[in-house]
Amino acid sequence: MARSKKNRDLFVIFFGPQQYRGPGTRYYANDATVTAIKSKAAKFYLFEDARDFAERNKIELTALTYIGRESFSEFELSMD
């Protein structure tokens, strides 16, 4: 299935392994809590901004807690 041109790939901090095409993916939110709601994930345009957020909030980046890319629809972005 082709991805809509209106989707945007942004950096997020995953808490645990990313579950491709399935439920269970968890993210760090803007208040540095963990959420399973994708639209509530803290989103960053730059990797460096995500890394700085992790440092400021004492989030230890590991093999399971890591910065990666996630695709967001316009609808998900509008829910901020």
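The values are calculated or read from the model by the stated rules, or taken from the named source; none is laboratory data. Please read these numbers as outputs of a predicted model, since none were measured by experiment. Methodologically, a virtual Cβ is constructed for each residue, glycine included, from the backbone with ideal geometry; neighbour enumeration extends over all protein chains shown.
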Which of the residues that make up the stretch 43-62 are assigned to a helix (DSSP H, G or I) and surrounded by fewer than 16 Cβ atoms within 10 Å (Cβ to Cβ)? Phe47, Glu48, Asp49, Asp52, Glu55, Arg56
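Of all residues in the stretch 16-50, count the ones that are among the basic types (Lys, Arg) and over 16 Å from Tyr66 (Cβ atoms). Break it down stepwise before answering.
Filtering the stretch 16-50 for residues among the basic types (Lys, Arg) gives 21, 26, 38, 40, 43.
Remaining after also requiring over 16 Å from Tyr66 (Cβ atoms): 21, 38, 40.
Here the count works out to 3.
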Exclusive hit being exposed (fewer than 14 other Cβ atoms within 10 Å of the Cβ), in contact with a Ser or Thr (Cβ under 6 Å, 6 or more places away or on another chain) and either hydrophobic (A, V, I, L, M, F, W, C) or modelled with pLDDT of 95 or more (or both), set Met1, Met79: Met79
With criteria (1) out of contact with any helix residue (DSSP H, G or I) (no Cβ under 9 Å at 6 or more places or on another chain); (2) in contact (Cβ under 8 Å) with a residue 12 or more places away in the chain, Asp52 comes up short on (2)
What single numbered condition from (1) hydrophobic (A, V, I, L, M, F, W, C); (2) within 11 Å of Phe15 (Cα to Cα); (3) touching a strand residue (DSSP E or B) at 6+ places or on another chain (Cβ under 6 Å) fails to hold for Ala42? (2)
Note down all Cβ pairs under 6 Å where the first residue falls in the stretch 10-30 and is closer than 15 Å to Lys43 by Cβ and touching a residue at least 60 places away in the same chain (Cβ under 8 Å), the second is charged (D, E, K, R) and part of a loop (DSSP other than H, G, I, E, B), and they're at least six residues apart or on different chains. Leu10/Lys43
Among the residues of the stretch 20-34, is any surrounded by fewer than 17 Cβ atoms within 10 Å (Cβ to Cβ), modelled with pLDDT of 95 or more and under 16 Å from Asn7 (Cα atoms)? no
